[in-house]
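J.: Here it is: the structure, laid out below.
The values are calculated or read from the model by the stated rules, or taken from the named source; none is laboratory data. Predicted, not measured: the structure shown is a model, and the values here were computed from it. Virtual Cβ from ideal backbone geometry, glycine too; neighbours counted across all protein chains shown. To get the accessible areas, we keep the full protein, side chains included, count just its heavy atoms, and leave off ligands, DNA and RNA. Shrake-Rupley method; radii C 1.70, N 1.55, O 1.52, S 1.80 Å.
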Amino acid sequence: MGAGQPMVIVTGGSRGIGAATARLAARRGYAVCINYYRNREAAEGVVAEITANGGQARALAADVASETDVQALFEQAEEALGPVAALVNNAGVLEQQCRVENIDAARLTRILATNVTGAFLCCREAVRRMSTRHGGQGGAIVNVSSAASRLGAAGEYVDYAASKGAMDTLTIGLSREVAGEGIRVNAVRPAFIYTDMHADGGEPGRVDRLKASLPMQRGGQPEEVASAIVWLLSDEASYATGSFIELAGGR
Ligand code: NAP
């Protein structure tokens, strides 16, 4: 593949759902900017896989919670891979499972900085470049929210669930704000997906503990989330904006 491929930025593309999305987007003809935070080796591994298969990709470090990092990410991505046509706001964090009565302000600040401020800043940079209002060509944004925004994550991480609630509201509001400017904004709400994230909550085996309680009686794979994300990015979803796809095994 050569120049002229549409470019997608996938935040948190080094592992899990983000890496699966990066791989699938590359197979569908996107040049992929794989943003990562700390895990350079994993991000470069995804880039190597994509380029070995004839695709175009670049790994770029940035903390999505940092305004200067996000600005630099978009500038460097466009320099390396061309104008941004799509954004997947996938970077997200949670912390050790606990009850609300044990959450302190520092933890709340960390969760909201990455999951909410990060998503807003990346949307801002994308809109500034993609909106026809600013001379752009239009584009698509997919926010990776969570079923936690509907379920609440009681006893586990209500702070994280609330951050995803904010992301849902961002999806609705921004979708309406830019619908007439060539930009579609949608979200996916996964849950119980086999990734490293559950280890950060202190329970690596969480999906297996809960799977029997799900209507489908199994956990999900990152690739099953990636399919929905890449569909929402594509022209096949041309009339969808402000919408949510539930990927939670029926929960
Ligand atoms: P994961 O395996 O823990 O991967 C998280 C990714 O986010 C990594 O690539 C990490 O980069 C990146 N990241 C973390 N903090 C960042 C920051 N400040 N700036 C930039 N990148 C950052 O997680 P996952 O399970 O694939 O989750 C991806 C998204 O899906 C998250 O938004 C999560 O909330 C959502 N989700 C997941 C599930 C699930 O069951 N797994 C369910 C619902 C929603 P490094 O590798 O460099 O650390």
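J.: Relative contact order of segment 19-145: what whole-number percent is it, with Cα pairs under 8 angstrom and at least 6 residues apart? Walk me through the intermediate numbers first.
T.: Working: 165 pairs, mean separation 29.4, N = 127.
Relative contact order of segment 19-145: 23 percent.
J.: In Å, what Rg and Dmax follow from the Cα atoms of segment 137-186?
T.: Cα only, segment 137-186: 13.0, 45 Å (Rg, Dmax).
J.: Could you please state how large a percent of the accessible area of segment 1-96 is carbon and sulfur, counting protein chains only and using a 1.4 Å probe?
T.: Of the solvent-accessible surface of segment 1-96, carbon and sulfur hold 45 percent.
J.: I'm checking a number: the convex hull volume of the Cα atoms of segment 182-229, normalised per residue, in Å³. What is it?
T.: Numbers: hull volume 4.5 nm³, N = 48.
Cα-based convex hull of segment 182-229, divided per residue, equals 93 Å³.
J.: Stokes-Einstein diffusion coefficient for the chain at 20 °C in a medium of 1.002 mPa s, Rh from the Kirkwood formula over Cα pairs: what value in µm²/s?
T.: For the chosen part, D equals 119 µm²/s.
J.: Moving to a separate point now. Rounded, prolate or oblate: which one fits segment 72-180, using the alpha carbon gyration tensor with axes a ≥ b ≥ c (rounded when a/c is under 1.5, else prolate when a/b beats b/c, else oblate)?
T.: prolate
J.: Which length gain, in nm to one decimal place, applies between Val158 and Glu246 when the Cα-Cα distance is subtracted from 0.36 nm times their residue separation?
T.: 29.8 nm
J.: Only Lys, Arg, Asp and Glu count, each charged at its Cβ (+1, +1, -1, -1), so figure out the dipole size of the chain about its Cα centre, rounded to 20 debye. Can you show the working numbers first?
T.: Working: 24 positive and 27 negative charges, 93 e Å.
Here the chain has a charge dipole of around 440 debye.
J.: Which residue fluctuates most in the GNM of the chain (Cα springs below 10 Å): Pro83, Pro215, Pro190?
T.: Of the options given, Pro215 has the highest mean-square fluctuation.
J.: Return an integer: the convex hull volume of the alpha-carbon atoms of segment 158-243, in Å³ per residue.
T.: Taking only Cα atoms, segment 158-243 has a hull volume of 111 Å³ per residue.
J.: Place a point 7 Å from Cα of Glu101 in the direction of its Cβ. Which residues in segment 143-160 have their backbone N less than 16 Å from it?
T.: Inside the label zone: 154-158.
J.: Oh, and also: Running Debye on segment 1-80 with equal point scatterers at the Cα sites and no solvent, what base-10 log of I(q)/I(0) appears at q = 0.18, 0.26 Å⁻¹?
T.: For segment 1-80 at q = 0.18, 0.26 Å⁻¹, log10 I(q)/I(0) is -0.63, -1.24.
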